[in-house]
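Colleague: Just dropping this structure here.
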Amino acid sequence: PDKYDPNLAIDKWLRVWEDKHLFEADGLVDAGTAGQDDARPRSCVVSMYPYPSGDLHMGHAEVYSISDVIARYLRLRGDNVLNPIGWDSFGLPAENAALKRDLDPSTWTYANIEVQAESFRRLGVSFDWRTRLHTSDADYYRWNQWLFLRLLEKGIAYRKSAPVNWCPVDKTVLANEQVVQGKCERCGSTVQQRDLTQWFFRTTQYAQRLLDDMAQLEGNWPSEILAMQRNWIGRSTGAYVDFAVEGRAEPVRVFTTRPDTIFGATFFVVAADAPLAAELCAPENRAEFEAYRDKVRTETEIDRLAADRPKTGVPLGRHALNPVTGQQIPIYAADYVLATYGTGAVMAVPAHDQRDLDFAKAMGLPVVAVLDTGEDDPATTGVATAGDGTLVNSGRFDGLAKADAIEAVTADLQERGAGERAVIYRLRDWLVSRQRYWGTPIPIIHCPSCGEVPVPDDQLPVRLPETGYELRSADGASPLESATEWAAVDCPSCGGAARRDTDTMDTFVDSSWYFLRYPDPTYTGGPFNPEGVARWFPVAEYIGGKEHATGHLMYARFMTKVLHDLGMVGFTEPFAKLTNQGQVIMNGRSMSKSLGNLVNLQEQLGLYGPDAVRVTMLFAGPPDEDIDWADVSPTGAVKWLARIWRLAGDLTTPDATDGDGELRQQTHRLVDEITTLFETRRLNVAVARLMELTSLLRKACDSGAGPADPAVHEGMSALLRMLSCFAPFTADEAWSRLGLPSSVIEHGWPEADPALVFQQTVVCAVQVAGKVRDRLTVATDITETDLRDLALNSEKIVKDLAGRAVLKVIVRAPNLVNIVPAK
Ligand code: ANZ
Ligand code: ZN
């Protein structure tokens, strides 16, 4: 019976916590006075919300254990903590699962949410459940639609025909982030390019601010994530240069980072899939061009950009005029130039750009070096020179250093109206249309006479049809195309017959602002309650995986800036601090059904209990590192928790002494260190120190101060309060074994007494006539006089002297006192 059961007390403690409302933030929703007089600092700790793909898995347990430890810590430290939860419940997997099981996506989704919610509870995650939201609820997604319309009014949402990534299996458009090495992130099939009319959000308009505002995040976000975002935004400075083209009124513009090399531009390349290429193509070259273009359209961007790929292309049968040399240079269409970057056309300088050089070699085009870098001639080596040097073969610019030449040539072009300084970004506008059912319907009506008409605000939400649609329609048409009754509406503007837009929004739209709705998830006056947002945001700490670096985290930063510009939020960055968690892997590989290395969370919980699973996740390494479950086992954690539980049972009523001084010091030093470890989120080391404290207390109980010593009780109280972050059930169970009033969570974080932490002591030997007769624990900075008095008054020394006179006392503070008595 006196055996620790890792699953015994779960229901009991869940009930206690819930009855006491321990995890509810004060003044969450009430826009009146509630929480206003709460003097505690407010902290909003948010973990990226889950996708309800089934029950919770090991990865979920990892991320929510980390965020829960942080939330519990801040709460114990005295913050008014909001630890919210919601579900990212729209998305493709629900549709695929529904097709497979012949259900509708909603049934599957909401059933999974219920299962996950109960698993979160039983994992002991301290969510404030009043925040609960689901993005697939109409009263959530109506605000996606409302925001879409505000973005449309601001010119941030717009529609255009564009080549898009197309997954032939999932039959949908994919964002660039969803294409991994040319393959669909979800199903792995090779992605194709297609032209479709799509809705976009103008993220490019915010490119510079997304870069500049990183100054606010420096030091609080992992530098790796900031670097990934900086690369993704990809700022380039240089110039636009206009090239006249024979037989065309308008010049053709290129973007170059190297205007200094313009005298070496010996040919001209247009992206084969850019409309410009088709337009420039001479009639006699058309057949060859079109065949080439059609092939290029099946290639992925990654392949096209690969440096080591043989260069291909076709001549367009036209020439451009180099504005500085006056030479006619041939125009080619090729795949290594991208239609969607810069202007989709380049001036090719083979001597100083490797891809241009490879192309020149393949096509037999001239190579003219215009920058002397001291390296061998690229025409013979086949290696383009990209270093610094001085200009040659460049007319009156000869002799200028590279940097000066960039300035001088740009100024010259600008003066002659043939170019201008330019800054461009690699970032693209955000393609938000999806040809899917399970998402937010785009709130637009297409009218044959009025064009694109926004659905009036008072007609929102545009609800998804629950019946009368086909999930998988022929050849990629949006499933909502098949909902003919739903799609047929009257034009809000002219009243004539019109059709709804049948695309839905990328679910990254949902997740770009969901956290703002947490304080008041049923708010009807707008997407979020402005008072709640002012009270709880920006998010103090956001926890989630690195895989969201250039997706979700970028979109949320973008949307926050848009909301700021709309006057809806008072800040420009949503997440003050970001903590990444690693993945849970098995034998060095990510877990998956197909690899057969899935570890089942419920099974682990059944065997070891939630506390041991949480402790194991946090003890395995720093939060941001991957955990290989093959290398760890919760049995160690179970043993540790059982030791704590037994120790609590072994303590007896505290006696009336001051308690063991040395034990008190050791305890307070550990509390101090563990507090720092929590502050710096070195949670695995914090667990190690708690284990150390456990051993210390066990020893003191068994062979030192004893089970009634107040210092042992003090140490135990500190241990359990700190432990409650990692192992909340065991902490409360042990706390009640000590006979203390529940819940341990209500007793705050232990305070380390600086006097005990910093007081350094040594053991001083006291000799009488050269023989050690006593050992005293004294402060290292004790004065000679104090030490002398202490030694002479020691009980043992007085007894040893037995009334003899003291002739001499030699004091070597703080280590030694030698007393010389009379014979
Ligand atoms: C002439 C030149 C000479 C260039 C030279 C480079 C070196 P980043 O730094 O990535 O911005 N470029 C421009 N648009 C392109 C497109 N749509 N697809 C592929 N390449 C494109 O690169 C800018 C350079 O990449 C531009 O400067 C252009 O080549 C090429 F010695 O112009 B450069
Ligand atoms: Zn109309």
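Colleague: Which FRET efficiency, nearest 0.05, do ARG150 and LYS361 yield, Cβ-Cβ r, R0 51 Å?
Modeller: About 0.45, to the nearest 0.05.
Colleague: For the chain, with the dipole built from +1 on Lys and Arg beta-carbon atoms and -1 on Asp and Glu ones, taken about the Cα centre, which of VAL370, MET214, VAL16 lies farthest toward the positive end?
Modeller: VAL16
Colleague: Compute the acute angle (0 to 90°) between the alpha-carbon long axis of helix 402-415 and the principal axis of greatest extent of the alpha-carbon atoms of the chain; round to the nearest 10°.
Modeller: 50 degrees
Colleague: May I pose another question? Report Rg(Cα)/(2.2 N^0.38 Å) for the stretch 35-74, keeping two decimals.
Modeller: Compared with the compact-globule rule of thumb, the stretch 35-74 sits at 1.54.
Colleague: Would you mind telling me the share, in percent, of accessible area of the stretch 522-582 contributed by carbon and sulfur at probe 1.4 angstrom?
Modeller: 54 percent
Colleague: Something else about it: Go ahead and estimate [θ] at 222 nm for the chain from helices alone: -39,500 (n - 2.57) per DSSP H run with n ≥ 4, summed, over the residue count, rounded to 500. Spell out each step's value before the answer.
Modeller: On the way: 26 runs with 296 residues, N = 823.
Using -39500 (n - 2.57) per qualifying helix, the result is -11000 deg cm²/dmol.
Colleague: Now for a separate question. Cα-based Rg of the stretch 762-823 per 2.2 N^0.38 Å, rounded to two decimals?
Modeller: After normalising by residue count via 2.2 N^0.38 Å, the value is 1.00.
Colleague: Something else now. For LYS12 and TRP129, FRET efficiency with R0 = 22 Å and r from the beta-carbon atoms, rounded to 0.05? List each step's numbers first, then the result.
Modeller: On the way: r = 19 Å, r/R0 = 0.85.
Using R0 = 22 Å, I get an efficiency of 0.70.
Colleague: May I ask you to give the solvent-accessible area per residue for the stretch 278-354, in square angstrom, as obtained with a 1.4 angstrom probe?
Modeller: 42 Å²
Colleague: Something else: Residue separation times 0.36 nm, minus the C-alpha to C-alpha distance between ASP650 and THR237: what's the value? Don't skip to the end; give the middle numbers.
Modeller: Details: separation 413, 0.36 × 413 = 148.68 nm, distance 7.10 nm.
Here the answer is 141.6 nm.
Colleague: Can I ask one more? Using 0.36 nm per residue of separation minus the Cα-Cα distance, give me the extension gain between GLU531 and SER703 in nm, one decimal.
Modeller: Additional length available on full extension: 56.2 nm.
Colleague: While we're looking at this one, here's another question. Expressed as a whole percentage, what fraction of the accessible surface of the stretch 230-296 belongs to carbon and sulfur atoms when a 1.4 Å probe is rolled over the protein heavy atoms?
Modeller: 51 percent
Colleague: Assuming 1.567 mPa s and 4 °C, estimate D for the stretch 401-460 with Stokes-Einstein, Rh taken as the Kirkwood radius over Cα pairs, in µm²/s.
Modeller: Roughly 77 µm²/s, to the nearest whole number.
Colleague: Rank TRP129, TRP735 by accessible area, highest first, at a 1.4 Å probe radius?
Modeller: From most accessible down to least: TRP129, TRP735.
Colleague: If we restrict to alpha carbons, what Rg and Dmax does the stretch 403-506 come to, in Å?
Modeller: So, for the stretch 403-506, Rg and Dmax equal 22.5, 67 Å respectively.
Colleague: Counting only protein heavy atoms and a 1.4 Å probe, tell me what percentage of the stretch 639-703's accessible area is made up of carbon and sulfur.
Modeller: 47 percent
Colleague: Moving on to the next point. May I ask which of LYS171/LYS295; LYS154/LYS546; LYS3/LYS699; LYS20/LYS699; LYS160/LYS295; LYS639/LYS699 have a Cα-Cα span longer than 27 Å here?
Modeller: Distance filter (> 27 Å) returns LYS154/LYS546; LYS20/LYS699.
Colleague: Please list, in order along the stretch 285-301, the HN-Hα scalar couplings obtained from phi with the Karplus expression 6.51 cos²θ - 1.76 cosθ + 1.60 (θ = phi - 60°), rounded to whole Hz, x for Gly and Pro.
Modeller: Along the stretch 285-301, the couplings run 9, 4, 4, 5, 4, 5, 5, 5, 4, 5, 5, 4, 5, 8, 8, 8, 4 Hz.
Colleague: Still on this structure: Amide H neighbours of VAL164 under 5 Å, counting only residues 5+ apart in sequence or on other chains, H built in-plane at 1.01 Å?
Modeller: Result for VAL164 returns ARG194, ASP195, LEU196.
Colleague: For the stretch 55-196, state what percent of all Cα-Cα pairs lands in each successive 10 Å bin, counting from 0 Å until the bin that includes the largest distance.
Modeller: All Cα pairs, binned at 10 Å, distribute as 10, 24, 32, 24, 9, 1 percent.
Colleague: Given ILE85, VAL69, THR107, which one lies farthest toward the positive end of the charge dipole of the stretch 47-116, if we put +1 on the Cβ of every Lys and Arg and -1 on the Cβ of every Asp and Glu?
Modeller: VAL69
Colleague: Per residue, how much accessible area does the stretch 407-509 have with a 1.4 Å probe, in Å²?
Modeller: On the way: 4520 Å² over 103 residues.
Accessible area per residue: 44 Å².
Colleague: Enter the per residue convex hull volume of the stretch 513-647, computed from alpha-carbon coordinates, in Å³ rounded to the nearest integer.
Modeller: Details: hull volume 22.9 nm³, N = 135.
Hull volume normalised by residue count: 170 Å³.
Colleague: Right, next: For the stretch 590-678, just run the numbers: alpha carbon Rg, then divide by 2.2 N^0.38 Å, N being how many residues it has.
Modeller: 1.52
Colleague: Mind putting together the pair-distance distribution for the stretch 178-228? All Cα pairs, 5 Å bins, whole percent per bin, short to long.
Modeller: The calculated distribution, bin by bin, is 4, 14, 13, 13, 18, 17, 13, 7, 1.
Colleague: Here is a follow-up. Quote the Stokes-Einstein diffusion coefficient, in whole µm² s⁻¹, for the chain, based on the Kirkwood radius over alpha carbon pairs, a temperature of 37 °C and a viscosity of 0.692 mPa s. Walk me through the numbers before you get to the answer.
Modeller: Details: Rh = 31.9 Å.
Approximately 103 µm²/s, per Stokes-Einstein.
Colleague: Then there's this: Please give the length that would be gained between ASP55 and ALA278 if that part of the chain were fully extended, namely 0.36 nm times their separation in residues minus their C-alpha to C-alpha distance (nm, one decimal).
Modeller: Gain in length upon complete extension: 75.1 nm.
Colleague: Turning to a different aspect of this structure: Taking R0 as 45 Å, what's the FRET efficiency between ALA244 and ARG682 from their Cβ-Cβ distance, rounded to 0.05?
Modeller: Once rounded, the FRET efficiency stands at 0.10.
Colleague: Which value, in debye to the nearest 20, gives the size of the charge dipole of the chain about its Cα centre, when Lys and Arg are +1 and Asp and Glu are -1 at the Cβ?
Modeller: Values: 84 positive and 112 negative charges, 308 e Å.
For the chain, the charge dipole is close to 1480 debye.
Colleague: Now a separate question. Leaving out same-chain residues fewer than 8 places away, which lysines sit with a Cα under 29 Å from that of LYS799?
Modeller: List returned: LYS771, LYS808, LYS823.
Colleague: Could you check what % of the DSSP bridge pairs in the stretch 161-276 are antiparallel, to the nearest 5?
Modeller: Numbers: 17 of 18 bridges.
Expressed as a percentage, antiparallel bridges in the stretch 161-276 total about 95.
Colleague: Using a 1.4 Å probe and counting only protein heavy atoms, arrange GLU733, GLU185, GLU795 so the residue with the most accessible area comes first.
Modeller: The ordering from most to least exposed comes out as GLU795, GLU185, GLU733.
Colleague: With every protein chain in place, what's the accessible area of THR785 (1.4 Å probe, Å², nearest 10)?
Modeller: Ignoring ligands and nucleic acids, THR785 comes out at about 90 Å².
Colleague: Starting at 0 and stepping by 5 Å, how many percent of the alpha carbon pairs of the stretch 662-711 end up in each bin?
Modeller: All Cα pairs considered, the percentages come to 5, 22, 27, 20, 14, 9, 4.
Colleague: If I model a spin label at GLU118 and THR572 as a point 7 Å from the Cα along the Cα→Cβ vector, what separation in nanometres do I get?
Modeller: Result for the modelled spin labels: 4.8 nm.
Colleague: Modelled label-to-label distance, TYR158 and ASP786, 7 Å Cα→beta-carbon offset: nm?
Modeller: 7.6 nm
Colleague: Shifting gears a bit: With every protein chain left in place, what is the accessible area of VAL370 in Å² (1.4 Å probe, nearest 10)?
Modeller: Answer for VAL370: close to 0 Å² accessible.
Colleague: Keeping every protein chain present and rolling a 1.4 Å probe, give me the accessible area per residue for the stretch 163-225 in Å².
Modeller: In whole numbers, the stretch 163-225 has 44 Å² accessible per residue.
Colleague: Calculate how steeply helix 728-737 sits against the longest principal axis of the alpha-carbon atoms of the chain, using the helix alpha-carbon long axis, and give the answer as 0 to 90 degrees to the nearest 10.
Modeller: 10 degrees
Colleague: Now for a separate question. Ignoring ligands, DNA and RNA, how do SER590, SER703, SER724 rank by accessible area with a 1.4 Å probe, largest first?
Modeller: The ordering from most to least exposed comes out as SER703, SER590, SER724.
Colleague: Round to the nearest 10 and report in Å² the accessible area of VAL16, as given by a 1.4 Å probe over the protein chains' heavy atoms.
Modeller: Near enough 40 Å² of accessible area.
Colleague: On to the next question. Could you check how many percent of all C-alpha pairs in the stretch 338-394 are farther apart than 16 Å?
Modeller: In whole percent, the long-distance tail amounts to 43.
The values are calculated or read from the model by the stated rules, or taken from the named source; none is laboratory data. These figures come from a predicted structure and were not determined experimentally. Because the Cβ atoms are built from the backbone with ideal geometry, glycine has one as well, and the counts that use them run over all protein chains shown. Ligands, DNA and RNA are excluded from the accessible area calculation, which covers all protein heavy atoms including side chains. Shrake-Rupley method; radii C 1.70, N 1.55, O 1.52, S 1.80 Å.
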